[in-house]
1. On average, how much area does the Cα convex hull of segment 99-145 cover when viewed from any direction, in nm²?
2. With a probe of 1.4 Å, find how much accessible area the chain has per residue, and write the answer as a whole number in Å².
3. What nm distance separates the two modelled labels at Ala144 and Arg7, each placed 7 Å from Cα along Cα→Cβ?
4. HN-Hα J couplings of segment 9-23 from phi, Karplus 6.51/-1.76/1.60, θ = phi - 60°, integer Hz, Gly and Pro as x?
5. Residues with amide H under 5 Å of Met160's amide H, sequence separation 5 or more or different chain, H placed in the peptide plane at 1.01 Å from N; which?
6. Can you tell me the convex hull volume per residue for segment 37-141, based on C-alpha atoms, in Å³ to the nearest whole number?
7. At a Förster radius of 35 Å, what calculated FRET efficiency corresponds to the Cβ-Cβ distance of Met179 and His40, to the nearest 0.05?
8. For Asp62 and Asp164, FRET efficiency with R0 = 25 Å and r from the beta-carbon atoms, rounded to 0.05?
Amino acid sequence: MPHTHSRFLAEGPRVGIRHFAHEDAAEFTARARESKDLHHPWLFPPTTPQAYAAYAARLIEDPSKAGFLVCTRDDGAIAGFININNIVEGGFQCGALGYGAFAHAAGRGLMREGLDLVVGHAFGPMRLHRLEINVQPLNTASVALARAAGFRLEGFSPKMIYIDGDWRDHERWALTVEMRTSG
(Lines give C-alpha, C1' and ligand atoms only; values in the text may rest on other atoms or scores of the structure.)
Protein backbone atom coordinates (compact mmCIF):
# COMPACT_ATOMS: atom_id res chain seq x y z
CA MET A 1 0.00 0.00 0.00
CA PRO A 2 2.77 2.59 0.70
CA HIS A 3 3.82 4.85 -2.12
CA THR A 4 7.58 4.27 -2.28
CA HIS A 5 8.83 5.55 -5.62
CA SER A 6 8.77 9.26 -4.73
CA ARG A 7 11.75 11.16 -3.42
CA PHE A 8 11.42 13.22 -0.28
CA LEU A 9 11.69 17.02 -0.31
CA ALA A 10 13.32 16.82 3.12
CA GLU A 11 14.19 14.00 5.51
CA GLY A 12 14.62 13.60 9.22
CA PRO A 13 15.76 10.57 11.20
CA ARG A 14 12.40 8.78 10.94
CA VAL A 15 10.25 10.62 8.38
CA GLY A 16 10.43 12.42 5.09
CA ILE A 17 8.01 14.87 3.51
CA ARG A 18 6.80 14.87 -0.06
CA HIS A 19 4.00 16.46 -2.03
CA PHE A 20 0.63 14.82 -2.50
CA ALA A 21 0.18 12.71 -5.64
CA HIS A 22 -3.01 11.44 -7.22
CA GLU A 23 -1.59 7.91 -6.83
CA ASP A 24 -1.81 8.26 -3.03
CA ALA A 25 -5.61 7.99 -3.03
CA ALA A 26 -5.94 4.36 -1.89
CA GLU A 27 -3.49 4.60 1.00
CA PHE A 28 -4.57 8.09 2.12
CA THR A 29 -8.29 7.29 2.16
CA ALA A 30 -7.73 3.95 3.93
CA ARG A 31 -5.67 5.73 6.61
CA ALA A 32 -8.34 8.45 6.92
CA ARG A 33 -11.10 5.85 7.37
CA GLU A 34 -9.01 4.05 10.03
CA SER A 35 -8.52 7.38 11.83
CA LYS A 36 -12.09 8.71 11.97
CA ASP A 37 -12.30 8.41 15.76
CA LEU A 38 -8.96 10.20 16.19
CA HIS A 39 -9.95 13.05 13.85
CA HIS A 40 -13.54 13.66 14.94
CA PRO A 41 -14.65 16.39 15.68
CA TRP A 42 -11.54 18.33 14.64
CA LEU A 43 -11.00 17.52 10.98
CA PHE A 44 -12.44 15.50 8.15
CA PRO A 45 -9.88 14.36 5.60
CA PRO A 46 -11.23 12.66 2.47
CA THR A 47 -12.26 9.03 2.86
CA THR A 48 -13.30 8.18 -0.71
CA PRO A 49 -11.30 8.17 -3.93
CA GLN A 50 -13.54 10.88 -5.39
CA ALA A 51 -13.16 13.17 -2.39
CA TYR A 52 -9.40 12.55 -2.35
CA ALA A 53 -9.13 13.41 -6.07
CA ALA A 54 -10.75 16.81 -5.49
CA TYR A 55 -8.74 17.45 -2.30
CA ALA A 56 -5.40 16.49 -3.85
CA ALA A 57 -6.13 18.46 -7.03
CA ARG A 58 -6.57 21.65 -4.98
CA LEU A 59 -3.29 21.04 -3.15
CA ILE A 60 -1.42 20.18 -6.34
CA GLU A 61 -2.84 22.83 -8.67
CA ASP A 62 -3.67 25.86 -6.52
CA PRO A 63 -0.59 28.09 -5.99
CA SER A 64 -2.09 29.39 -2.74
CA LYS A 65 -1.79 25.89 -1.23
CA ALA A 66 0.98 23.38 -0.67
CA GLY A 67 0.27 19.89 0.62
CA PHE A 68 2.83 17.61 2.22
CA LEU A 69 2.60 13.97 3.21
CA VAL A 70 4.61 12.90 6.22
CA CYS A 71 5.92 9.42 5.44
CA THR A 72 8.00 6.98 7.44
CA ARG A 73 11.44 6.65 5.91
CA ASP A 74 11.76 2.90 6.42
CA ASP A 75 8.73 1.89 4.37
CA GLY A 76 7.29 5.10 2.84
CA ALA A 77 3.95 4.67 4.63
CA ILE A 78 1.87 7.82 5.06
CA ALA A 79 1.89 8.81 8.75
CA GLY A 80 -0.01 12.09 8.33
CA PHE A 81 -0.34 15.27 6.34
CA ILE A 82 0.53 18.94 6.73
CA ASN A 83 -0.92 21.54 4.40
CA ILE A 84 -0.02 25.18 3.99
CA ASN A 85 -3.17 27.04 2.97
CA ASN A 86 -3.90 30.67 2.17
CA ILE A 87 -0.34 31.33 1.02
CA VAL A 88 0.07 35.05 0.47
CA GLU A 89 3.18 36.43 -1.17
CA GLY A 90 4.35 40.03 -1.51
CA GLY A 91 4.63 41.90 1.76
CA PHE A 92 3.06 39.07 3.77
CA GLN A 93 4.99 35.92 2.75
CA CYS A 94 2.81 33.81 5.02
CA GLY A 95 0.59 30.76 5.10
CA ALA A 96 -1.77 28.90 7.43
CA LEU A 97 -0.98 25.34 8.48
CA GLY A 98 -3.44 22.51 8.86
CA TYR A 99 -2.40 18.99 9.80
CA GLY A 100 -3.47 15.58 10.92
CA ALA A 101 -1.80 12.36 12.02
CA PHE A 102 -3.19 8.98 11.09
CA ALA A 103 -4.10 6.62 13.92
CA HIS A 104 -1.30 4.11 13.30
CA ALA A 105 1.28 6.91 13.67
CA ALA A 106 -0.32 9.03 16.41
CA GLY A 107 1.66 9.67 19.58
CA ARG A 108 5.00 8.50 18.14
CA GLY A 109 6.55 11.93 17.46
CA LEU A 110 6.41 11.46 13.69
CA MET A 111 4.23 14.51 13.10
CA ARG A 112 6.53 16.65 15.27
CA GLU A 113 9.44 15.63 13.08
CA GLY A 114 7.37 16.14 9.92
CA LEU A 115 6.21 19.59 11.05
CA ASP A 116 9.81 20.62 11.62
CA LEU A 117 10.63 19.53 8.05
CA VAL A 118 7.64 21.40 6.59
CA VAL A 119 8.53 24.57 8.51
CA GLY A 120 12.10 24.33 7.24
CA HIS A 121 10.84 23.89 3.68
CA ALA A 122 8.39 26.79 4.05
CA PHE A 123 11.03 29.14 5.43
CA GLY A 124 13.67 27.85 3.00
CA PRO A 125 12.74 27.00 -0.60
CA MET A 126 9.22 28.49 -0.33
CA ARG A 127 10.64 31.75 1.08
CA LEU A 128 7.77 32.30 3.52
CA HIS A 129 8.32 34.52 6.55
CA ARG A 130 5.42 33.56 8.82
CA LEU A 131 3.33 30.45 9.42
CA GLU A 132 0.09 30.39 11.38
CA ILE A 133 -1.88 27.57 12.97
CA ASN A 134 -5.53 28.00 13.94
CA VAL A 135 -6.56 25.25 16.36
CA GLN A 136 -9.64 24.53 18.41
CA PRO A 137 -8.65 24.96 22.08
CA LEU A 138 -9.92 21.52 23.14
CA ASN A 139 -7.82 19.79 20.48
CA THR A 140 -5.03 19.17 22.96
CA ALA A 141 -2.89 17.08 20.58
CA SER A 142 -2.80 19.88 17.98
CA VAL A 143 -2.13 22.53 20.61
CA ALA A 144 0.72 20.42 21.98
CA LEU A 145 2.20 19.99 18.49
CA ALA A 146 2.08 23.74 17.80
CA ARG A 147 3.72 24.48 21.15
CA ALA A 148 6.40 21.79 20.72
CA ALA A 149 7.27 23.16 17.28
CA GLY A 150 7.99 26.60 18.73
CA PHE A 151 4.81 28.41 17.67
CA ARG A 152 3.63 31.13 20.06
CA LEU A 153 0.04 31.69 21.10
CA GLU A 154 -1.04 35.05 19.68
CA GLY A 155 -4.72 35.16 20.41
CA PHE A 156 -8.18 33.68 20.58
CA SER A 157 -10.89 34.06 17.93
CA PRO A 158 -14.45 33.11 18.86
CA LYS A 159 -16.52 31.41 16.17
CA MET A 160 -13.65 31.68 13.66
CA ILE A 161 -14.02 28.67 11.33
CA TYR A 162 -17.11 26.72 10.24
CA ILE A 163 -16.48 23.03 10.98
CA ASP A 164 -18.92 20.13 11.18
CA GLY A 165 -22.03 22.30 11.13
CA ASP A 166 -21.00 25.01 13.56
CA TRP A 167 -18.73 28.03 13.94
CA ARG A 168 -15.82 26.95 16.15
CA ASP A 169 -13.58 28.98 18.44
CA HIS A 170 -9.86 28.85 17.62
CA GLU A 171 -6.56 29.78 19.18
CA ARG A 172 -4.12 31.50 16.82
CA TRP A 173 -0.52 30.30 16.93
CA ALA A 174 2.32 31.69 14.80
CA LEU A 175 5.99 31.23 14.01
CA THR A 176 8.30 33.54 12.05
CA VAL A 177 11.68 32.97 10.48
CA GLU A 178 13.26 35.12 13.19
CA MET A 179 11.66 33.07 15.98
CA ARG A 180 12.95 29.87 14.45
CA THR A 181 16.50 31.09 13.92
CA SER A 182 16.81 32.75 17.34
CA GLY A 183 15.31 29.86 19.29
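1. That works out to 3.6 nm², a quarter of the Cα hull's surface.
2. Computed with neighbouring chains in place, this is 50 Å² per residue.
3. 3.6 nm
4. Rounded to whole hertz, the list is 6, 7, 9, x, x, 10, 10, x, 10, 8, 6, 4, 9, 4, 5.
5. For Met160, whose amide H was placed from the backbone, the distant partners under 5 Å are Arg168, Asp169, His170.
6. 115 Å³
7. Numbers: r = 32 Å, r/R0 = 0.92.
Calculated transfer efficiency: 0.65.
8. Numbers: r = 23 Å, r/R0 = 0.93.
My answer for the efficiency is 0.60.
The values are calculated or read from the model by the stated rules, or taken from the named source; none is laboratory data. This one's a predicted model, so the numbers in the text were calculated from it and none came from an experiment. Every residue, glycine as well, gets a Cβ built from its backbone with ideal geometry; the counts of neighbours run over all protein chains shown. Each accessible area value is taken on the protein alone, full model and side chains, heavy atoms only, with ligands, DNA and RNA left out. Shrake-Rupley method; radii C 1.70, N 1.55, O 1.52, S 1.80 Å.
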